[in-house]
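Contents: one structure, followed by commentary.
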Amino acid sequence: MESPAKKPNTRGILDWFDPRGRQVGGWGFILNRLTAIGLTVYLYLHLVMLGKLAQGPEAYDSFIAFAKQPLIMFGEMLVIIGGLYHGLNGVRIALNSFGVAVPAQKQLLYGVLGLTLVGSLIFGLRMLAAH
Amino acid sequence: MSEEKWTVNFVVYRKKGDGEPHYQTFTLEVSPDEYVIDGVERIWAFHDRSLVFAHACHHSTCGACGMRVNGVEKLTCITRIRDVTKNGGTLRIEPLRNFPVISDLVVDMSRLYVGMDKVHAPAVHPLSLAPLEGEGIKPPRDVPMDGGKEYLRLADCIECGLCISACPVAGTAEEYLGPAVLAAAQLQGLKRAPDLAEVVDCVDGVWRCHSAYECTAVCPSNVDPGWRIMDLRRQVLAQRIKRWFGGA
């Protein structure tokens with residue numbers, strides 16, 4: 001008799017981001033992973049930017065001028081949205097992990113999304129007002 | 001059952017041995033009130049006797065007929081065709097994820113059974129140990145009530161594997177115990193079974209869960225594994241805190 005295959009039927013990390021058939025909690029998971037990756041990439045970019053400080057005032061000033069472009073500002077907006085969502089969802093998961101409000105995890109996620117939206121709007125308006 | 005007839009395309013996952021997987025379409029005339037497993041059986045009976053699938057009880061007791069229907073884990077014996085497609089529509093039938101495929105729609109569920117052994121949850125209980133009429137079932141303090149009349153079906157995990165298939169983490173962490181196994185550990189409780197602590201309080205135990213709650217969404221037996229994993233975490237944390245203050 002042929003021995004059964006041992007490799008699990010999975011597409012690995014691609015399945016993390018597959019939205020098909022996901023419920024509310026699954027969407028929360030997908031967003032959490034996406035924002036985690038985004039924030040990690042941003043951290044490296046941020047460190048590179050900070051490195052400009054060591055290259056003298058001219059390099060720093062030219063970088064600041066570059067950072068005021070609309071595309072970079074849009075990127076900053078994404079960082080705020082991602083940071084807010086990831087942080088607030090972390091609080092939700094921590095509460096659940098202490099056995100708090102587990103049956104209300106969907107409602108908590110809606111709350112996280114709502115607070116992320118409000119926080120992002122406030123930041124976006126302040127950012128536009130400052131430029 | 002109504003006399004209504006629907007034409008439905010069953011797009012079925014096929015894989016034999018080391019061959020490449022592919023999909024085969026079978027167009028059937030079905031009653032919309034039949035169940036998905038009825039369609040799969042009809043394909044086997046009248047179209048292709050080489051189709052491999054598992055089933056037994058036809059009433060959601062054995063847990064053998066778990067498959068993915070249009071991308072969602074379902075126990076096909078209780079999934080009415082009417083609820084998952086429409087007349088002229090498609091049903092994509094695939095094996096469960098996160099288990100090795102043996103052939104077509106049948107997967108090797110060893111991962112689940114090995115995990116159940118690790119948490120001392122034998123597949124078959126001797127009759128003398130069966131929790132009859134509530135005896136032996138001690139739900140945690142804050143277990144949700146079902147209309148105030150009866151406890152949710154605490155012991156009703158039918159080991160169908162749908163929760164492991166739906167879990168996005170189980171696909172990238174082969175050693176993860178998984179929702180059904182952790183639910184079985186929670187059911188026993190760390191107070192009654194303190195030796196389970198070292199099995200579940202580890203990176204591939206309760207801490208591997210990333211709170212997607214897909215397990216709870218697909219569970220056909222109201223076990224609510226997502227809630228049980230979180231409750232088990234609470235038990236683990238309580239035990240750790242107790243140890244910090246010199247408790248046993």
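The values are calculated or read from the model by the stated rules, or taken from the named source; none is laboratory data. Just so we're clear, the structure is a prediction, and the values are computed from it rather than from any experiment. Don't worry about glycine lacking a Cβ; one is built from the backbone with ideal geometry, like all the others, and counts go over all protein chains shown. Side chains are part of the model used for accessible areas, which takes the heavy atoms of the whole protein and leaves out ligands, DNA and RNA. Shrake-Rupley method; radii C 1.70, N 1.55, O 1.52, S 1.80 Å.
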Could you tell me whether segment A:103-113 includes any residue that is within 9 Å of chain B (Cβ to nearest Cβ), within 30 Å of B:Pro95 (Cβ to Cβ) and open to solvent by less than 70 Å² (accessible area, probe 1.4 Å)? yes
Take B:Thr7 and decide whether it is part of a strand (DSSP E or B), open to solvent by 20 Å² or more (accessible area, probe 1.4 Å), more than 24 Å from B:Ala166 (Cα to Cα) and without any contact (Cβ under 8 Å) to a residue 40 or more places away in the chain. no
What's the total number of residues in segment A:22-65 that are in contact with a helix residue (DSSP H, G or I) (Cβ under 7 Å, 6 or more places away or on another chain) and more than 14 Å from chain B (Cβ to nearest Cβ)? 9
Can you find a residue that is crowded, with 22+ Cβ neighbours inside 10 Å and in a helix (DSSP H, G or I) anywhere in segment B:88-108? no
Is it the case that segment B:164-177 has a residue that's modelled with pLDDT under 95, in contact with a Ser or Thr (Cβ under 7 Å, 6 or more places away or on another chain) and either more than 14 Å from chain A (Cβ to nearest Cβ) or open to solvent by 10 Å² or more (accessible area, probe 1.4 Å) (or both)? yes
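Going through segment B:16-37 one residue at a time, which ones are open to solvent by less than 40 Å² (accessible area, probe 1.4 Å) and either at pLDDT 95 or above or within 24 Å of B:Cys160 (Cα to Cα) (or both)?
B:Gly17, B:Phe26, B:Leu28, B:Val30, B:Ser31, B:Pro32, B:Asp33, B:Glu34, B:Val36, B:Ile37
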Which condition does B:Ala217 not pass, out of (1) within 19 Å of the chain's Cα centre (by Cα); (2) among the small types (Gly, Ala, Ser); (3) open to solvent by 40 Å² or more (accessible area, probe 1.4 Å); (4) away from chain A (no Cβ under 12 Å), if it passes all the others? (4)
